[in-house]
Each structure stands twice: as C-alpha cells, then as structure tokens.
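Asker: Next up is a structure, given as structure tokens.
Just so it is clear, none of the values below were taken in a lab; they were calculated from the coordinates. All of these numbers come straight from a predicted model, not from anything done at the bench. Every residue, glycine among them, receives a Cβ derived from its backbone with ideal geometry; neighbour counts consider all protein chains shown.
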Amino acid sequence: MDQTYLIILRLFHIVTGVFWAGSTIYLARFVIPAAKALGPEGGRFMQQLTMTNNLPAAMLGAGTLNILSGILLFWELSGGFQSAWFSSHYGMTLSIGGTTGLIAYIIGVTMNRPAGMRMAALSKAIAASGGVPTPEQAQQVQDARNKLISATNRIAGLLVITVIAMAIARYT
C-alpha cells in the first residue's frame, strides 16, 4: 500500500467529513432553532443561506466525496474487504461509523434534498403569484420544512455517532 496515497485519501476523507458533519451539526443545533425562533424572518434567512451560498450542494458534495473516500479507505485498510479485518475491534468500530455515515447520507439524499427542492419550488411559485401563499401552499411549505428539520436532526445524530466511532477506532 502506497503511504502517500493513503495519507492523501485520509486527509481528503477527514476534510470532507469535518465540513459535512460540522455544517450539519451546526445547522441542526444552532442555525435551524434560531431561524425557527425568528418566524418568517428566519425562513427568509434560511432561503437566502441556501440560495446565496448553495450550501445544500456543498454539503451534498462533501458527503458524497466523504463516502467515496471512506469506501476507498475501507478497501485499503481491510486488504480488499477481508472478513478478518472486519472482525477486529478496529474494523468493527470503523464499520459502525461507516454505516451510520452511510445511513446519514442516504437520509440526506432521499429526504433532505427532495424537501429542500420542494421548498424552493414552492417559494418561486409563491413569489411569482404575488408573494402571498395560498393556504394550501403554506401547508405544503410547512410540511416540507418539518420533514427537512426532522431529517436534519436525525442526520446530525448519526454523524455524531460516526465522528465518535472514527475518533476512537484506533484505540479499541
């Protein structure tokens, strides 16, 4: 195994993981509750945050690159997915972290992304019709927002487990 390749792969995995997990946990713990407390102004802030900086795409990209680099690391560290490695404490701990990270990613792709896209489409439709939502549109926005918040909280919890597992794996 080429050490330079492994170092670069680990560095890439750690940097993308720090951004993905850190931004998710920060959103779930601080930004979303503050935005909710602001009411309609908070909704506008969140909309601006996602549109101006394209934060959802950056988080999805970081998560995707993190998962892919993690799979490559598993391949390298396990000697080509050898079962004996997965039976070791180190392998089991990394597997727990990898599994929770993968579940978090799947939730993000299957729940957060569609809910966010739905909210963006509704916001455009509301703006195009004069800026005042119909009762049906208001309910659809609220449903999408609730789904997004719930999924983000679950993802954050899973990523906390992932980070802990990755941090302690070497010492198990």
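Asker: Could you sort 127-136, 2-11 so that the peptide with the highest average Cβ count within 10 Å comes first and the rest follow in order?
Answerer: 2-11, 127-136
Asker: On to the next question. Can you bin the stretch 100-140 into rounded, prolate or oblate? Criterion: square roots of the alpha carbon gyration tensor eigenvalues sorted a ≥ b ≥ c, rounded for a/c under 1.5, prolate for a/b above b/c, oblate for the rest.
Answerer: The shape class here is prolate.
Asker: Further question on the same structure: Quick one: Karplus J couplings for the stretch 130-137, per residue in order, coefficients 6.51, -1.76, 1.60, θ = phi - 60°, nearest Hz, x for Gly and Pro?
Answerer: Taking θ as phi minus 60°, the curve returns x, x, 10, x, 6, x, 5, 5 Hz for the stretch 130-137.
Asker: Oh, and also: Using the Cα gyration tensor of the chain, with a ≥ b ≥ c the square roots of its eigenvalues, what is the shape: rounded (a/c below 1.5), prolate (a/b larger than b/c) or oblate (neither)?
Answerer: Values: a/c = 2.87, a/b = 2.60, b/c = 1.10.
The shape class here is prolate.
Asker: Hey, what number do you get for the chain at 222 nm if only DSSP H runs of n ≥ 4 count, each worth -39500 (n - 2.57), divided across all residues, to the nearest 500?
Answerer: One gets -28000 deg cm²/dmol as the mean residue ellipticity at 222 nm.
Asker: Rounded to the nearest 0.05, what FRET efficiency is calculated for LEU6 and VAL109 with R0 set to 30 Å and r the Cβ-Cβ distance?
Answerer: Values: r = 28 Å, r/R0 = 0.92.
That gives a FRET efficiency of 0.60.
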